[in-house]
Amino acid sequence: MSFDQIRLDKQEGIALLTLHRPDRMNAFTTQMMLEIVAALDECDADDAVRAVIFTGAGDRAYCAGADLGGGAATFDYDKRTDKAAALPDGVSASPVGEDGTIDWSHPLIRDSGGRVSMRIFDAKKPVLGAINGAAVGIGATMTLSMDARLASDTARYGFVFARRGIVPEAASSWFLPRLVGIANAVDLCYSGRLISAREAQDMGLVQSVHAPGALIDAAIAKAREMTEQSAPVSVALTRHMLWRMLGAPHPMSAHRWDSRAIFARGRSPDAAEGVTSFLEKRAPHFTASVANDYPWFGEFEDTPPYS
C-alpha cells in the first residue's frame with residue numbers, strides 16, 4: 001500500500017514507520033491516522049516483520065500534535081470536513097440532531113488519536129517509539145501504548161490539552177498513570193508544561209535517551225533484543241497478556257489467561273523447538289506464523305473462570 005503522510009520501510013525484520021509531514025512538524029491529521037492504522041494492519045499480516053518502530057521525519061519534531069490549520073474549529077469535530085469525509089457510507093454527517101441532542105454512539109465522536117492508540121494496543125508485534133523531537137498532544141499520547149519509548153536528548157514531551165481548552169485523549173487517562181504514576185500524570189496534564197527527555201526518563205515515560213544520530217540504531221537494537229531469540233507467536237500472546245492484565249481486577253484473571261495460553265502454545269511445534277534447541281545448545285528456529293497461527297484471545301473468552 002502506498003502512503004502520503006507516513007513512510008513505511010521494512011528491513012531485516014524491522015518496520016520503520018515515519019510520520020512524514022516535516023513541513024508541519026509531522027502534525028497529526030485524519031489521513032495520518034488512517035495511514036497508521038493501515039500500516040499496522042500490514043505489519044501484523046507480514047511474518048517477516050518482527051517489530052515496528054515509530055519515528056518522525058526531520059530533526060525538529062516527532063509529532064507536534066494535532067494540525068491546527070483549521071483554526072478555532074480544530075477540535076470541533078462536528079465542523080471538520082476531513083473527519084466527515086472519513087465516515088462510512090450512509091452515516092449522517094453530524095452526531096447532533098435538529099433538536100440539539102447528541103448521538104454519543106456516532107463514529108464522528110470517536111477520538112482519532114484513540115484509534116491509533118488502540119490499534120497499537122492491539123498490535124501483534126512489539127511497537128517502539130524513537131522520539132526524535134517534540135512530542136506534544138497526540139504526539140505524546142500515541143506513544144503511551146507502545147512497548148518502549150527511546151528519545152533523543154533534544155526531545156520534549158507535552159500533554160498540553162488543558163492549555164488548548166480540551167482534555168487528554170488517545171486513552172491516555174488509562175495509559176499515562178500506569179506509566180508514570182498518578183501524581184506525575186496530574187502534574188503533566190493539569191499544567192500542560194513541556195518536559196525534557198531526561199525528565200521524561202526520570203518519570204519512567206522514556207526508557208533511554210540518546211544523541212540524535214544514535215537514536216534509530218538504538219531503537220533497532222532494542223527491537224532486535226526483544227525479538228531475535230523469541231518465538232513470534234509467543235511474543236504476540238505475551239504482549240496482549242501483559243497489557244490486558246494491567247486492568248485485571250484479580251490475579252485469578254491472569255491465571256485464567258496464562259493457563260489457556262500455556263496450553264495452546266504447549267501443543268505447538270514452537271514449544272518443542274524451544275526446548276530442543278536449548279538442550280542442543282543452538283539457536284531456535286520457530287516456524288509458527290503470527291499471521292496464521294496466532295490463538296487470538298477470543299478463543300478463550302467464553303470459558304468459565306476457575307473457582
Subject >> Identity of the residue in the range 109-149, assigned to a loop (DSSP other than H, G, I, E, B) and among the aliphatic types (A, V, I, L, M), that ends up farthest from GLY97 (Cα to Cα) >> reply: MET146
Subject >> Residues within the range 236-255 that are assigned to a helix (DSSP H, G or I) and surrounded by fewer than 18 Cβ atoms within 10 Å (Cβ to Cβ), tallied >> reply: 11
**OP:** From (1) surrounded by 12 or more Cβ atoms within 10 Å (Cβ to Cβ); (2) more than 24 Å from ALA48 (Cβ to Cβ); (3) in the same structural domain as ILE131 (by TED's automatic domain parsing), pick out the condition that doesn't hold for ALA218.
**Re:** (2)
Subject >> helices (runs of 4 or more DSSP H) within the range 168-225 that include 1 or more residues without any contact (Cβ under 8 Å) to a residue 12 or more places away in the chain and acidic (Asp, Glu) >> reply: 182-191, 197-203
Original post:
When the range 155-186 is examined, which residues are found to be out of contact with any strand residue (DSSP E or B) (no Cβ under 6 Å at 6 or more places or on another chain), crowded, with 18+ Cβ neighbours inside 10 Å and among the hydroxyl-bearing types (Ser, Thr, Tyr)?
Top reply: SER172
Subject >> Qualifying residues in the range 256-268 (those that are surrounded by 12 or more Cβ atoms within 10 Å (Cβ to Cβ) and of a type outside the set (A, V, I, L, M)) - the one farthest from ASP147 (Cα to Cα) >> reply: SER268
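Evaluate the following for GLY139: is it farther than 30 Å from PRO295 by Cβ and over 14 Å from the mean Cα position of the chain (by Cα)?
Spelling it out, it is not the case that GLY139 is farther than 30 Å from PRO295 by Cβ and over 14 Å from the mean Cα position of the chain (by Cα).
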Subject >> Whichever residue in the range 187-210 is touching a helix residue (DSSP H, G or I) at 6+ places or on another chain (Cβ under 9 Å) and of a type in the set (A, V, I, L, M) and, among such residues, is farthest from LEU176 (Cα to Cα) >> reply: VAL209
**OP:** State whether one or more residues within the range 250-273 are over 18 Å from VAL235 (Cα atoms), of a type outside the set (S, T, N, Q) and free of Cβ contacts under 8 Å to residues at least 40 places away in the same chain.
**Re:** yes
Original post:
Would the range 241-254 turn up any residue that is among the hydroxyl-bearing types (Ser, Thr, Tyr) and modelled with pLDDT of 90 or more?
Top reply: no
Original post:
Limited to the range 39-68, what total is found for residues that are at pLDDT 95 or above, of a type outside the set (D, E, K, R) and assigned to a helix (DSSP H, G or I)?
Top reply: 4
Original post:
Restricting attention to the range 1-38, which residues are part of a helix (DSSP H, G or I) and either buried (at least 22 other Cβ atoms within 10 Å of the Cβ) or of a type outside the set (A, V, I, L, M) (or both)?
Top reply: PRO22, ASP23, ARG24, THR30, GLN31, MET32, MET33, GLU35, ILE36
Original post:
Of the conditions (1) under 21 Å from ARG24 (Cα atoms); (2) in contact with a helix residue (DSSP H, G or I) (Cβ under 9 Å, 6 or more places away or on another chain); (3) in contact (Cβ under 8 Å) with a residue 60 or more places away in the chain; (4) β-branched (Val, Ile, Thr), VAL136 fails just one. Which one is it?
Top reply: (2)
**OP:** Provide a single number: the residues in the range 150-162 that are in a helix (DSSP H, G or I) and either under 14 Å from ILE120 (Cα atoms) or small (Gly, Ala, Ser) (or both).
**Re:** 1
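The values are calculated or read from the model by the stated rules, or taken from the named source; none is laboratory data. Computed from a predicted structure; not experimentally measured. Cβ: placed from backbone, ideal geometry, glycine included. Neighbour counts: every protein chain shown.
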